[in-house]
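Data first, discussion second: the structure below is written as C-alpha cells.
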Amino acid sequence: MSPEEPLLRVEDLRVEFPTEDGIVHAVDGITYQVHRGRTLGIVGESGSGKTVASMTTLGLTRGQGAHVSGRILFEGRDLVALSDRELRAIRGNDIAMVFQDPLSSLHPFYRVGAQLVEAVRAHRDVSRSMARERAVELLGLVGIPDPSRRVDDYPHEFSGGMRQRAMIAMALANEPKLLIADEPTTALDVTVQAQILALMERLQRELGMAIVIITHDLGVIAEVADDVAVMYAGRIVETASAELIFSGPEHPYTWGLLKSIPTLDTPRERELVPIPGTPPSLINPPSGCHFHPRCPYAQPDHSIIDPFLEPAPGEPDHHVACLLAAEVRRRLWAQLRVGRTPAAALAEVGLPLAPPISDPSGLGGARA
Amino acid sequence: MTRYIIRRLLWGVLLLIIVSALLFVFFRILPTGDPAALRAGRLQNPKVIAAIRADLGLNKPLITQFWIYMKNLFLHFDLGYSYYSSASVKSLIFDRLPATISLVLGGAVIWVFSGLAVGIVSALRPRSRLDRGSMGGALVLVSAPEYWLGLILLYAFAADIGQIRIFPGANSYVGLTTDPVKWFTSLILPWLVLAAGNAAIYARLIRGSLIEVMGQDYIRTARAKGLSETRVVLRHGVRSAINPILTILALDIGVLLGSAVLVETVFDIPGIGRLNYDAITHADFPVVQGTVLVSALFIIVANILVDIAYAYLDPRVRYS
C-alpha cells in the first residue's frame, strides 16, 4: 500500500433506517477520506447524519436495522461487506471510538480499571494482571493523577473531564490506527474541553493515529482538525483543509455556520447571524440542493438540480456541492467576510434575493 | 455501612413489635368464636368454659393480657400454645417451615431461570414472533390462578388421579432428610404451579428492563470495544437489567414464605400457609398470631436484605 493511500476511504455511503413514518435517509451518499496521522473534522448540525456515518464505520448501526450501501475501505478492506465477527476484530482494536457523554458511556457498575481491562483483553490474549498494568499505564497516559489508585474507582467517582480521559484511555487500549471521537467535548466544561482536545492532539503525535472528530462546534474544528467535511442533511456539502474552511469557505451553509459563532476579534456591535429555518426532515428531504429552503442565495433552479461535490477552481483539495458559480460564491464571501448581510452581498453581486422562507421547518413547502 | 445495617435491624424489630400489637388488637376486637368455648369442645357447660377461660388467662383485663402476650413474645420468644392441639406454636411453626422453604425456594429457582431466559431472548428480538409468543404465553400464565393450575396438573399428571400418571399427587410430601428422591419428585408439580405465574411476571420484567438497558450509551461502548454480542448482553446488559428484578425476587420470596397457602392447600403440603389456613378455620388465635408474625418477620428480613444487597449491586448507592 502506498503511503498516499488513505487509511479510511468512505465511498458513496448511504445509511437508511426504515421507520413507521417512512425511510430516514440519515446518510445520503457521502464520500471522504482520512489519512494516516491526520485529523478530519466532520461538522454539522444535530441530525445531519454525522454520528450515524461514523457509527456505521464500526458497524454499530447494524443492529438497528439500518440499510447500508456504498463502501467503507479501511486499509483496503470494505467494512460494509465484513461479517459481524470480522468487524468485531477491528472494533476497539484498529478503530476505536469515543462518545459524547462519558458518564453514560461508561458502565456504572464496573470499576474503571475493569472496563479498561475488558477492552484490552477483548483483543489481546494477556493475563488479567498484565491487562491491569496496561490499564494503569493507559490512565497515566491520558493524564489521570495517581492512576494505580484511581484504576479501582467507579465512573461516578471521576469528574466529567476524567471520565472522558478514561473513555479515551479505553479507546487507546489497543493502539488503534483510527480514533473516531463523536462530540468528545460537548458534555464538558469549556476549560476541560480545551484539556481534552490538547490531550487528543498530544496522543495523536505520540501514537501516530488518525482521528475523525465529529462536532457541531467550529471552535473544536479550528483547534484540532487538519481537514474538514461539512455535513448537511445527510450529505457532505464542502470539504477542504481546516485553514481553507475558515479563510475561503465556498458553501453558503458553511458561511452560515461561520457567521453564527462569536469570535473575539469581531466587533461586538456586529451581530451574530443564525442560519434561518431548521434542519430538514431526513424522511422527506428537500428536492434539489437540500439546503435551498434555508439558503439566502438560492436561485429558482436550485430546488430542481442536485448539486455534486466538485473541486473548487484552482483548489484541488477543496470540494463544494453548490449550484452557484464558483466566481459568484467567492464574490459573495468577500462581501460577507467584511460584515455585509446576505441581502447586501447579493445586491453587490447582482443576484436576486431568494424568496423568504415560508416554511421554516423545511418540511413541506420545500418541494413546491 | 455497618451503622446503616444496625439501624435497619432496629427498625425491623420496631416494626415487628407494631405488627404484634396490631395482631393482638385485631384478634381481641374483631368478632370471632369464643376460644374457651371452642376449646371446651363437646363439654359445653359454663363451668368448664370458665375454667378454661381462667386457664388461658382470658378472664384477665385486656391490658394485662396484652402485657403478658408481648412479654412472652419478645422476652422469651414464646408464641403460646395452640388452643386446638395444645402444641407449642413455636414447634408447630418449626415443623412446618422446611416444607414451605422447600416449596418456595425450589419454585423460585425455576421461575427465576425460566423467566430470565424467556425474558432475555424476548428482549433481544422485540416484536419478533418469538417475543410475541412468549409474552402472550406469559399473560396466560399470569392470569391462571394457582389453585386452578394446580388442579389441572393434578388431573393430568398425578400418580393417583392423573391421566398420565408420572408425578406424585397431592399429600405426597416427605421431608428432604427423610427421602431426598421422594422429596424432590413430590415437589415437582407444586414447584411448577408456584413458578408458572412468577416466571411469567419475571419474564416480562426482565424483558422491559433489558430493552431499556440495551439502548443505553454504555452498551454502545461495550459493542465499540469489539466484545462479542453474548458478552455485551450478559455482562453489560443483563448485569444492569437484573438489579430491579433481584429486589423484587427477595420480596416475593419473603412474602411467599408466609403465604404460599394456595399451592400448599391444593397439594396438601404441610407448610406455614397451610398451618395458618387451618388455624383460621379453627379460630386458633395463638397459631394464627404465630404464623402471621413469622410471615411479617420474613418480609421484614427480605426488605433489609434487599436494601443491603442494593449497596453491593449498585456502587452508586452509598449509605451514610
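May I ask you to list the residues in segment A:86-128 that are more than 26 Å from B:Asp314 (Cα to Cα) and surrounded by fewer than 19 Cβ atoms within 10 Å (Cβ to Cβ)?
Scanning segment A:86-128 gives A:Glu86, A:Ala89, A:Arg124, A:Asp125, A:Val126, A:Ser127.
Can you pull out the residues in segment B:209-221 that are facing chain A (nearest Cβ under 7 Å) and out of contact with any strand residue (DSSP E or B) (no Cβ under 9 Å at 6 or more places or on another chain)?
Kept after step one, since they are facing chain A (nearest Cβ under 7 Å), are these residues of segment B:209-221: B:216-218, B:220-221.
If the condition is that a residue be facing chain A (nearest Cβ under 7 Å) and out of contact with any strand residue (DSSP E or B) (no Cβ under 9 Å at 6 or more places or on another chain), then B:Gln216, B:Asp217, B:Tyr218 are the ones that fit.
Starting from residues that are at pLDDT 90 or above and among the charged types (D, E, K, R), keep the ones in segment A:320-360 and report whichever is farthest from A:Thr239 (Cα to Cα).
A:Arg331
Look through A:Thr266, A:Thr254 and report the one residue that is of a type in the set (Val, Ile, Thr) and either modelled with pLDDT under 90 or surrounded by fewer than 20 Cβ atoms within 10 Å (Cβ to Cβ) (or both).
Of A:Thr266, A:Thr254, the one residue that is of a type in the set (Val, Ile, Thr) and either modelled with pLDDT under 90 or surrounded by fewer than 20 Cβ atoms within 10 Å (Cβ to Cβ) (or both) is A:Thr266.
Looking only at residues that are within 14 Å of chain A (Cβ to nearest Cβ) and among the hydrophobic types (A, V, I, L, M, F, W, C) in segment B:282-320, which one is nearest to B:Arg53 (Cα to Cα)?
Step one: filter segment B:282-320 for residues within 14 Å of chain A (Cβ to nearest Cβ), giving B:309-318.
Cutting the leftovers down to among the hydrophobic types (A, V, I, L, M, F, W, C) gives us B:309, B:311, B:313, B:317.
Values: B:Ala309: 48, B:Ala311: 51, B:Leu313: 53, B:Val317: 54 Å.
Filtering first and then ranking leaves B:Ala309.
Name every residue in segment B:114-164 that is surrounded by 12 or more Cβ atoms within 10 Å (Cβ to Cβ) and in contact with an Asp or Glu (Cβ under 9 Å, 6 or more places away or on another chain), in order of residue number.
Within segment B:114-164, B:Val121, B:Ser122, B:Ala123, B:Leu124, B:Leu154 meet the criteria.
Test B:Leu14 against the stated conditions and say whether it is outside any loop (DSSP other than H, G, I, E, B), without any contact (Cβ under 8 Å) to a residue 12 or more places away in the chain and closer than 21 Å to B:Ile280 by Cβ.
In short, no.
Please specify each residue of segment A:273-292 satisfying the condition of being farther than 18 Å from A:Cys322 by Cβ and either among the polar types (S, T, N, Q) or touching a residue at least 40 places away in the same chain (Cβ under 8 Å) (or both). If you could, list the steps in order and put the result at the bottom.
The initial filter retains those residues of segment A:273-292 that are farther than 18 Å from A:Cys322 by Cβ, namely A:273-274, A:278, A:281-284.
Those that are farther than 18 Å from A:Cys322 by Cβ and either among the polar types (S, T, N, Q) or touching a residue at least 40 places away in the same chain (Cβ under 8 Å) (or both): A:Val273, A:Thr278, A:Ser281, A:Leu282, A:Ile283, A:Asn284.
Got at least one residue in segment A:105-119 being within 18 Å of A:Arg9 (Cα to Cα) and within 11 Å of chain B (Cβ to nearest Cβ)? Break it down into steps so the answer makes sense when it comes.
Initially, segment A:105-119 is screened for residues within 18 Å of A:Arg9 (Cα to Cα), giving none.
No, segment A:105-119 has no match at all.
Whether any residue in segment A:28-38 is surrounded by fewer than 24 Cβ atoms within 10 Å (Cβ to Cβ), in contact with a Gly (Cβ under 6 Å, 6 or more places away or on another chain) and within 27 Å of A:Glu310 (Cβ to Cβ) is what I want to check.
Yes, there is a match, as at least one residue in segment A:28-38 is surrounded by fewer than 24 Cβ atoms within 10 Å (Cβ to Cβ), in contact with a Gly (Cβ under 6 Å, 6 or more places away or on another chain) and within 27 Å of A:Glu310 (Cβ to Cβ).
May I ask you to list the residues in segment B:158-172 that are under 25 Å from the mean Cα position of the chain (by Cα) and either aromatic (Phe, Trp, Tyr) or more than 23 Å from B:Arg274 (Cα to Cα) (or both)?
Across segment B:158-172, the qualifying residue is only B:Phe167.
Residues in segment A:153-162: is at least one crowded, with 22+ Cβ neighbours inside 10 Å, hydrophobic (A, V, I, L, M, F, W, C) and either within 14 Å of chain B (Cβ to nearest Cβ) or in contact with a strand residue (DSSP E or B) (Cβ under 9 Å, 6 or more places away or on another chain) (or both)?
For segment A:153-162, residues crowded, with 22+ Cβ neighbours inside 10 Å, hydrophobic (A, V, I, L, M, F, W, C) and either within 14 Å of chain B (Cβ to nearest Cβ) or in contact with a strand residue (DSSP E or B) (Cβ under 9 Å, 6 or more places away or on another chain) (or both): absent.
For segment A:184-193, name all the residues that are surrounded by fewer than 20 Cβ atoms within 10 Å (Cβ to Cβ) and in contact with a Ser or Thr (Cβ under 8 Å, 6 or more places away or on another chain).
A:Thr186, A:Val192
Filter segment A:236-251 for residues that are touching a residue at least 40 places away in the same chain (Cβ under 8 Å) and surrounded by fewer than 24 Cβ atoms within 10 Å (Cβ to Cβ) and give the result.
Of everything in segment A:236-251, those that are touching a residue at least 40 places away in the same chain (Cβ under 8 Å) and surrounded by fewer than 24 Cβ atoms within 10 Å (Cβ to Cβ) turn out to be A:Ser241, A:Ala242, A:Leu244, A:Gly248.
This table checks each residue for (1) among the aliphatic types (A, V, I, L, M); (2) within 22 Å of the chain's Cα centre (by Cα).
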| residue | (1), (2) |
| --- | --- |
| A:Ile275 | yes, yes |
| A:Ser281 | no, yes |
| A:His290 | no, yes |
| A:Pro293 | no, no |
| A:Tyr297 | no, no |
| A:Pro300 | no, no |
| A:Ser303 | no, no |
| A:Phe308 | no, yes |
| A:Pro311 | no, yes |
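Tell me which residues, restricted to segment A:136-171, are closer than 17 Å to A:Tyr110 by Cβ and hydroxyl-bearing (Ser, Thr, Tyr).
If the condition is that a residue be closer than 17 Å to A:Tyr110 by Cβ and hydroxyl-bearing (Ser, Thr, Tyr), then A:Tyr154 is the only one that fits.
Could you give me the residue pairs with C-beta distances under 8 Å whose first residue belongs to segment B:143-167 and is touching a residue at least 40 places away in the same chain (Cβ under 8 Å), whose second residue is among the hydroxyl-bearing types (Ser, Thr, Tyr) and not in a loop (DSSP other than H, G, I, E, B) wherever it lies, and which are 6+ apart or on separate chains?
So the pair list comes out as B:Tyr147/B:Thr265.
Residue-by-condition table, conditions (1) in a helix (DSSP H, G or I); (2) in contact with a Leu (Cβ under 6 Å, 6 or more places away or on another chain); (3) in contact (Cβ under 8 Å) with a residue 60 or more places away in the chain; (4) crowded, with 21+ Cβ neighbours inside 10 Å:
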position	(1), (2), (3), (4)
B:Leu234	yes, no, no, no
B:Ser240	yes, no, no, yes
B:Gly273	yes, no, yes, yes
B:Ile280	yes, no, no, no
B:Gln289	yes, yes, yes, yes
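Provide a single number: the residues in segment B:41-95 that are under 17 Å from B:Ile280 (Cα atoms), more than 30 Å from the chain's Cα centre (by Cα) and not in a loop (DSSP other than H, G, I, E, B).
Counting residues in segment B:41-95 that are under 17 Å from B:Ile280 (Cα atoms), more than 30 Å from the chain's Cα centre (by Cα) and not in a loop (DSSP other than H, G, I, E, B) gives 0.
With the condition being more than 26 Å from A:Ile90 (Cα to Cα), I'd like the helices (runs of 4 or more DSSP H) fully within segment A:116-209 carrying at least 1 qualifying residues.
Those helices (runs of 4 or more DSSP H) span A:147-150, A:160-172, A:190-207.
Tell me which of these A:Thr56 doesn't satisfy, since it passes every other one: (1) within 11 Å of chain B (Cβ to nearest Cβ); (2) in contact with a strand residue (DSSP E or B) (Cβ under 8 Å, 6 or more places away or on another chain); (3) under 17 Å from A:Ile211 (Cα atoms).
Among (1) within 11 Å of chain B (Cβ to nearest Cβ); (2) in contact with a strand residue (DSSP E or B) (Cβ under 8 Å, 6 or more places away or on another chain); (3) under 17 Å from A:Ile211 (Cα atoms), A:Thr56 violates only (1).
The values are calculated or read from the model by the stated rules, or taken from the named source; none is laboratory data. Please read all numbers here as calculations on a predicted model, not as lab measurements. So basically every Cβ, Gly included, is an ideal-geometry build from the backbone, and we count neighbours across all protein chains shown.
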